[in-house]
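Presented below is the structure to which this report refers.
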Amino acid sequence: MGRALAVFIWVMTILSVWMFLDGRWWFPKSITEHGPAYDQQFVLTIVVVGVAFAAAQVALGYAVWRFRDTGDGSRAVYSHGNNRMEILWTAITAVVFITVAVLGQRVWAGLHFEPAPPDSNHVRVVAQQFQWNFHYAGPDGKFGRTDPAKISDESLNFIGLDSADPAAADDAVVATLVTQAGRPVELNLTARDVTHSLWVPPLRFKQDLVPGLDIKVHFKPLQVGQYEIACAELCGQQHYKMKSFMLVLPEDEHRQLTSLPQAQFQAQVTQLLKKYPVKYD
Amino acid sequence: MSTEAHVERLGVANEWDGGALPYRVGHRKLGMWLFIISDAMTFTALLIGYSYVRAASDQWPTPFHFYPSIVFSTVMTLFLLASSFTMVMAVKASAHNRLKAARRWIGATMLGGLAFLVLHIIEWMNLIGEGLRPFGVAEDSEFAGLWAKHWPQAPPLFGASFFSITGLHMFHVFTGVLYLGVIALRISKTRHEDVEISGLYWHFVDLVWMFVFPLIYLMSVNMEH
Amino acid sequence: MAEAEVTHQEAHAAEAHAHAPGVHHHAPPSGFIRKYIFSIDHKVIGIQYLLLALVSVFVGLVMSVLMRMNLTWPGTEWPILGTLFPDGAPNGVMSPEFYLSLVTMHGTIMVFFVLTTAPQGGFGNYFLPIQIGADDMAFPYLNMLSFWVTFVGLVVILAAIFASGSPSTVGPTGGWTGYPPLSAVGDILNVPGQGMGMNLWIISIAIFCVASLLGALNFIVTLLNLRTRGMSLMRMPLTCWAWFTTAILALLSFPVLLAAGILLLLDRTAGTSFFVPGGLSNGSGIEALKTYSGGSPILWQHLFWFFGHPEVYIAILPGMGATSHILSTFARKPVFGYRAMVFAMFAIGLLGFFVWGHHMFISGMSPYTGFAFSILTLSIGVPSAIKTFNWLGTLWGARIRFTTPMLFAIGFVSLFVAGGITGLVLGQTSLDLSMHDTYFVLAHFHLVMGVAAIFGMFAGMYFWFPKMFGRMMSERLGKIHFWPTMIGVYGIFIPMHAMGIVGMPRRYSQFHEVINGQEVMIYEFLRTTPGLVKFVTWSAIVTALAQLIFLFNFVYSIFRGERASDNPWDATTLEWTTATPPPHDNFGGQVPVVYRGAYEYSVPGAPQDFVMQTTPDETEANAPPDGAAGVQGQGDGGNGHR
Ligand code: HEA
Ligand code: HEA
Ligand code: CUA
Ligand SMILES: [Cu+2]
């Protein structure tokens, strides 16, 4: 029985490690500036905990194999422990954990502690059950005023854009997040009903959109293409298909698009979505 | 039998080595302490929640006029303090086994508590009369006017936090009075420790008020108008 | 009224205690009701808790299998469901809201009614008093009250499943974390399962909080005041330390959830808006939403997780205690680093109160607090590591007897490492950016809570069953149960890590749609996962079926199992010194006196390879003033059965 258990523990360990190494089940390729740093930190951590995991499991398996009662009447070692060992492994794990913890703040700090670069594009995001609304300032670069009271799905005013405000005249509100390759973008995230969460795997971050809060995040997409947006916070029965898309465009196409008047914006976006089909590698 | 005697009888070198009461307090008293700790956590959570929303909202009404609210609440506070004092006397009396005195002092404590309750309910009625509601304020009431004038963006949370927190405290005072009543009636049968324990609970209820009073009342005094 | 209860019955306990040492005179209650239903005997109450957990766990188990089935074969018709839940699963096809109600119920039932009842209320109730040599809990009536209040909580939560919520009839759909605004205004937004069901969910949780508070209070007093002579703190079995720490955590964390629950209920029913901000809209200017403003959804998350994180340790600590206890027993070796184990447990408990923010990294909470929480979170890995290493140390140089409880205890260690280790990934703010609310989190907490803690329960059940029911559980069936379970749970939860890394989000009722026979992924980036999903589901089905073996073994052994001796495992602690099953006052009038630590195995020169805690020393060194005669006989009695 002991041997069988040991063997199982070892086999399980090998299979688990294999699953991580196989590569079939890994992140979609990163498309942002902070992506590589993220992946690096992830790999580092996985290696550290992987080694710890394997070491602990192998040791457990060994003990189970080696120290089974052979029925020879011999007795176990009579020991109440060993303080030097205790101190040793406490110190080691403490060092390992704290180091990993501190390293683990870099990407976070980059995304959250530093303000968005001045040259960033700006997009307002208003999530709702169960769709995404991305609000663009238009040529004048000014966001029109919004007012919850003006929200009306019949008239397709999902975010309550106030038409009385001149700045709103050229604003576009579409279901697609359009960004520009190589140019940082700052998102102002909020939700109009319940909490949602913006989740684009290749971006290597997600952020809740909380009603009543205006949460800022900024990142720098690099890889031109189309990517899927999923909702990562339970928001109701259709949570599982609260889906939309994100476009990362070359500079010229982006400039051309954002200078379009409201009317043609959507049409152009539809074109681009066709031009850059979703594909991960 | 008293705790000390207990330890005596078992004659153990160190109370922590088992067969004794390490804190030299019986189960009931220890239990009451623990209950107080957990109940304190509940109030802490509520008061922190209240402070959180209050801090988070850009406007928070401060509608309490010096009279009646503050005067009332101050008098209530005094009654509660007094009742704590009489409770101390009650415990003293029962310690010296002067049961009649103890019973009288407990009676006095209960009166203090009842006075608090009555005043508190009158106070509630005043506020409700002025238009305060668990959610926001009643239309075209005095408060509605105040709100519209001074705190247009105020969230409707003032009444909510006020009624829920003071309400829960009121409930504690109420149960406290009943509890003391039971002790007073059964004083000859109960042990001194039971009186002490009821005292613990009463002082705790009193202490909680000492947080509620400044946070809910004093911080909402209407200075200018 | 609890007070009244307390005053009343404590008199009984104290009186019993006052007689110590010596013979207790109180006759066991006669009459079925007082004996088995409204019993104040901690042993009966313990078994009641275990049965409650057993019922709950199978409900939760069935739900988990249903979830897996929906994730793997969405849109399939399961006629039985159609008849049971005409609205939730119209003609047998599970609706998304039905799936969500399954998730919510599965999570809630498993966390509250399984992992907070059996390990603590069940085994703790039964064995804490016996292991410290007491004749009962400090407050027997309070104990009974805790159980029945818990029972009411269970009834309410089960009622929630069938409560009619607008618009269709499904259980609550807020997830076990019930985040507002969804859980507060979901009804107004016409989200299915946010009606009455949600109210009942909150009420049930509130009731459960009260029960747990009373229970925790009782445990702490019992452990502090009712330890028998010579049972110093450092001689207690680690199980007692675990139950003690757990009780402290419960005492401090449940009140906060209680408060939060009350506020949420007010938001839903009284029109307050503690957790609901203003300016909400459902797109058609609905009036009901306008009354809300000023609240903060984040506040709920803070309150919930301030409870929630300690709760997960409430779930695991008793398992850790049982594991240490059982490993030492069948390793025939003293626990390695007993003190370190105790301190580690307390460290975990203490730190557990300062890491709740790691559930909220991406909630919009200030990134600086996130930073602080992250550091604290990883430091909590240190005491856990200490425990792990000490378990290994206990096995090192042992003479392991591979009984079923030992197999599960070893399984616990393996699973705890596998599950805990990923906490170090999630604990880093940066990495959580991607991992949060993916299947990676599910993998983490299922391994560590979903099964490590459960393995602790299994181990305890196989270990203590003979003492509780006077008969052995079948070792053979036990092992037949162990293998598919051990292999199965790894099969279920290891692949979830991979899904999580790929980016699979939680609480999705399906990941592909079947369009004229073709399985079409809803999200392209999940294209590599269907294989895993199927694999996980089949593993789950096999594992779930394997639990029937356990159930059969459990029921069969109660009536037909071979009779158990007083000390079938050659164990050392007090529960093995008394009769099997123990008499009403636990020690048949004898008050045990303790002479040594809990894990004296393979002591050189001792007659057997174990020395009971009650066996007096030849050297009167640490014997109490008046050595109690008669207890000696008892100690031998324990060994006598060899
Ligand atoms: C029994 C329950 C239990 C336990 C013990 C733990 C233990 C830990 N948990 Fe877990 N956790 C949950 C139950 C539990 N958790 C649940 C239920 C959730 C999800 C709630 C929800 O959202 O629904 C959750 C979620 C969760 C999150 C949030 C994820 C997210 O939602 O984004 C985080 C993040 O920090 C976290 C961290 C940790 C850490 C650091 C530990 C540590 O205590 C682990 C320590 C253990 C070890 C480290 C392994 C043993 C050590 C060694 C083998 C030493 C050698 C190691 C090295 C040298 C590296 N947990
Ligand atoms: C103790 C906690 C526990 C346990 C045991 C389990 C067991 C299982 N869980 Fe679950 N699960 C949760 C806690 C638990 N889970 C929580 C908290 C959530 C989150 C809910 C939310 O998101 O809100 C969740 C969510 C969850 C999901 C995610 C749903 C989603 O997000 O979309 C899934 C999906 O597959 C799942 C699957 C399973 C499976 C297949 C099992 C099992 O089939 C695995 C096999 C089970 C066993 C082997 C246990 C058998 C035990 C006994 C028979 C006990 C015997 C009794 C005594 C000894 C007294 N669980
Ligand atoms: Cu939107 Cu989930
Ligand atoms: Cu946690």
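Computed values, structure above
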quantity	calculated
Label-to-label distance, nm, for residues given as residue B:24 and residue C:233 (7 Å Cα→Cβ offset)	1.8
Spatial separation of Cα centroids for segment C:349-401 and segment A:197-211, in angstrom	26
Exposed GluC sites (Glu not before Pro) absent - longest run of chain B, DSSP non-H/G/I/E/B, at most 16 other C-beta within 10 Å	B:1-138
Cα-projected label distance for residue C:562 with residue B:51, points at 7 Å along beta-carbon direction, nm	6.4
Cα centroid of segment C:246-267 to Cα centroid of segment B:30-84, whole Å	18
Mean separation of Cα contacts under 8 Å (6+ apart) over length of chain C, as relative contact order %	14
Pairwise FRET efficiency - residue B:215 versus residue B:182, Cβ, R0 = 41 Å, nearest 0.05	0.85
Inter-label distance for residue B:16 and residue A:85, nm, one decimal - labels placed 7 Å from Cα along Cα-to-Cβ	2.6
Selection from B:97, C:319, A:182 lying farthest towards where the dipole of the protein assembly as shown points positive, charges on Cβ	C:319
Extended-chain gain in nm, criterion 0.36 nm per residue less alpha-carbon gap, residue A:270 and residue A:216	16.8 nm
Neighbour-count ranking [beta-carbon atoms within 10 angstrom, fewest first] of B:76, B:87	B:76, B:87
Estimated FRET transfer efficiency (residue A:256, residue A:188; beta-carbon r; R0 25 Å; 0.05)	0.55
DSSP H segments from chain A that extend 18 Å or more along their own axis, Cα-based, with Kyte-Doolittle mean of 0.0 or above	A:2-22, A:35-66, A:83-103
Fluctuation leader among A:37, A:127, A:164 - chain A, Gaussian network, Cα springs under 10 angstrom	A:164
Partner lysines for residue B:149 [C-alpha distance under 24 Å; skip if fewer than 8 residues away on the same chain]	C:290
Residue order, fewest to most beta carbons within 10 Å, for C:333, B:100	B:100, C:333
A:12, C:94, B:41 arranged by Cβ crowding within 10 Å, fewest neighbours leading	A:12, B:41, C:94
Helix C:297-331 axis, angle to chain C major axis (alpha carbon atoms, nearest 10°)	40
Listed residues B:45, C:488, B:65: farthest to the positive end of the dipole of the protein assembly as shown (Cβ charges)	C:488
Stokes-Einstein diffusion coefficient of the protein assembly as shown, Kirkwood radius over Cα pairs, 20 °C, 1.002 mPa s, in µm²/s	68
Simple Cβ-charge dipole of chain C, Lys/Arg +1 and Asp/Glu -1, about Cα centre, in debye nearest 20	1000
0 to 90° range, to nearest 10: angle between helix C:338-351 axis and chain C longest Cα axis	30
Charge dipole magnitude, Cβ of K and R +1, D and E -1 - segment A:130-253, Cα centre, debye nearest 20	480
Residue-averaged 222 nm ellipticity for chain A, from DSSP H runs of 4+ at -39500 (n - 2.57), nearest 500	-12500 deg cm²/dmol
Translational diffusion of chain C, µm² s⁻¹ [Kirkwood Rh, Cα pairs; Stokes-Einstein; 4 °C; 1.567 mPa s]	50
Chain B, helix-only ellipticity at 222 nm - DSSP H runs n ≥ 4, -39,500 (n - 2.57), divided by all residues, nearest 500	-24000 deg cm²/dmol
Helix-only [θ]222 nm of chain C, DSSP H runs n ≥ 4, -39500 (n - 2.57) each, per residue, nearest 500	-19000 deg cm²/dmol
10 Å Cβ neighbours from other chains, averaged over peptide A:90-97	6
Cα-based shape type of segment C:363-492, given that a ≥ b ≥ c are square roots of the gyration tensor eigenvalues and the cut on a/c is 1.5	prolate
Tilt relative to chain B, helix B:192-212 - C-alpha long axis, 0 to 90 degrees, to 10	20
Cα-based Kirkwood hydrodynamic radius, segment B:13-114, one decimal, Å	17.8
Histogram of C-alpha separations across segment C:244-294, 5 Å bin width, %	5, 19, 19, 15, 12, 9, 8, 6, 4, 3, 1
Peptide-level mean, for C:205-218, of C-beta atoms on other protein chains within 10 Å	2
Theoretical FRET efficiency, 1/(1+(r/R0)^6), r = Cβ-Cβ of residue B:140 and residue C:152, R0 45 Å, to 0.05	0.55
Shielding of A:207-218 by partner chains, average beta-carbon count, 10 Å	6
Cα shape, segment A:1-97, gyration tensor, a/c 1.5 rule	oblate
Distance between segment C:79-116 and segment C:477-534 - C-alpha centres, whole angstrom	19
Unit charges on C-beta of K, R, D, E only; dipole of the protein assembly as shown, Debye	2280
Charge context of residue A:280, other residues only, Cβ under 13 angstrom, K/R +1, D/E -1	+1
Range in chain C, longest, excluding exposed GluC sites (Glu not before Pro) [loop by DSSP; at most 13 other beta-carbon atoms within 10 Å]	C:1-561
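Rule-based calculations on the coordinates, nothing more; no lab input. All of these numbers come straight from a predicted model, not from anything done at the bench. With ideal geometry, Cβ positions are generated from the backbone for all residues, glycine too; neighbour counts draw on all protein chains shown.
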